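> What follows is a single structure, and I will ask about it in a moment.
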Amino acid sequence: MRNADFQAVFFMPNSLMGKRLVKKDGAAVTRRNLPAEERRRELLEAAIDLFSEKGMSITVQELADRVKVTQPLVHRYFPTKADLIVAIRDSIQNSHWDPQWRMLLTDRERPLGERIIAFYGEYLPPIYRDRWYRGFWYAALEDPTFAQAYLGHVESELLTAVISEVRHAFDYPGIDQIPIFERETELVWGMHSSVIFVGIRRYVYHTRVSDDLPMIVRDQMRAYLAIAPHVLSELMPT
């Protein structure tokens, strides 16, 4: 992905995500007669926006007002507020997830640093926006197991793969021969957390951060790969 393209997908306005607009008399309006699946998607997209603004205090009536439909219509797709919250949580956790990420990270036909950069080029754009960060934040504050489940998935599916590939790149025994050390886990989380925290600073804390996300990813990747062999040399049995 070219740097300009990489930048563009990071800063796509939320208003362009999940909208179903058509032109009528020169003005953009929301389509009313939608197939059931599209209607559900429209309601869920609007619900995630609301949730990122207000957390658990959202109401079904607010959602109906946001989409300009009746409350009974919302209940046709989400019978209770609890059902709506379950759908919101599931979307935040899973809608962006791509099983191909692990394959990308473990493709040894490419240099490891290039793979890590390519991975973040795919992983970050769907989440690097206020509604995902703030929605995740609200869900985690309400129920810590929400974050625990998601971060456990990140670690088991993605960061463990990075640890394994780092060992291979620097000629150390695989994780099937010597189990992962806690220090290795904390080290790779350091890289990942640094990249993710940029979004928290921007969308949760509303502080100024660099617009050059590719540069941040490259710097964090380089720092991680620079220190990893030194840590492994201290950890591995002689």
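> Which of the residues belonging to the range 85-143 are crowded, with 20+ Cβ neighbours inside 10 Å, assigned to a loop (DSSP other than H, G, I, E, B) and charged (D, E, K, R)?
Within the range 85-143, Arg129 is the sole residue that qualifies.
> Please name all residue pairs, on different chains or six or more residues apart, with Cβ atoms under 6 Å, provided the first residue is in the range 43-59 and is over 22 Å from Asn33 (Cα atoms) and the second residue is loosely packed, with under 15 Cβ neighbours inside 10 Å and of a type outside the set (A, V, I, L, M, F, W, C).
Met56/Glu142
> A further question follows. Within the range 118-137, is there a residue that is among the basic types (Lys, Arg), assigned by TED's automatic domain parsing to the domain that holds Tyr205 and under 24 Å from Glu165 (Cα atoms)?
no
Residues are listed down the side, and each one gets a yes or a no for (1) of a type in the set (Asp, Glu); (2) within 20 Å of His96 (Cα to Cα); (3) in a loop (DSSP other than H, G, I, E, B):
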position: Gly174; (1), (2), (3): no, no, yes
position: Ile180; (1), (2), (3): no, no, yes
position: Met191; (1), (2), (3): no, no, no
position: Gly199; (1), (2), (3): no, yes, no
position: Thr207; (1), (2), (3): no, no, yes
position: Asp211; (1), (2), (3): yes, no, yes
position: Ile216; (1), (2), (3): no, no, no
position: Leu225; (1), (2), (3): no, no, no
position: Ser233; (1), (2), (3): no, no, no
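> So, in the range 132-142, exactly how many residues are in contact with a Gly (Cβ under 9 Å, 6 or more places away or on another chain) and under 13 Å from Tyr203 (Cα atoms)?
6
> While we're here: Test Leu105 against the stated conditions and say whether it is farther than 22 Å from Tyr203 by Cβ and touching a residue at least 40 places away in the same chain (Cβ under 8 Å).
For Leu105, the condition - farther than 22 Å from Tyr203 by Cβ and touching a residue at least 40 places away in the same chain (Cβ under 8 Å) - is met.
The values are calculated or read from the model by the stated rules, or taken from the named source; none is laboratory data. Since the model is a prediction, treat every value here as computed from it, not as a measurement. When we count neighbours, we look across all protein chains shown, and the Cβ atoms used for this are built from the backbone with ideal geometry, even at glycine.
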